[in-house]
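Just below is one structure, and these are the notes that go with it.
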Amino acid sequence: MIKARVTVTLKNGVLDPQGKAIEHALGGLGFSGVGQVRQGKVFDVVLETSDRAKAEAELKDMAAKLLANTVIEDFSVEVL
């Protein structure tokens, strides 16, 4: 079995109103010096294979087809 993590974030230049709201809320809670917050998604996936290269290729395919909206989001795959 292979455990992996797919991280999806908005591309640079795409407006992030949720990140902006979090940034504002952190300031309201007294956290100073927060310059910018960008929010994203994390998917932890377990694959029933021992082939690391195949797993990474499948994860990238999953991310491109379903987990990320590649028009406005980037993704990274980390095999743990």
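For the range 63-80, does any single residue satisfy the condition of being at pLDDT below 95 and among the polar types (S, T, N, Q)?
No, because not a single residue in the range 63-80 is at pLDDT below 95 and among the polar types (S, T, N, Q).
Hey, can you tell me all the residues within the range 15-50 that are acidic (Asp, Glu) and either modelled with pLDDT under 95 or under 20 Å from the mean Cα position of the chain (by Cα) (or both)?
Asp16, Glu23, Asp44
What is the residue count in the range 4-62 for residues that are hydroxyl-bearing (Ser, Thr, Tyr), in contact (Cβ under 8 Å) with a residue 60 or more places away in the chain and within 13 Å of Val79 (Cβ to Cβ)?
Residues meeting the conditions: 1.
The values are calculated or read from the model by the stated rules, or taken from the named source; none is laboratory data. Being a predicted model, the structure only gives us computed values, none of them experimental. Methodologically, a virtual Cβ is constructed for each residue, glycine included, from the backbone with ideal geometry; neighbour enumeration extends over all protein chains shown.
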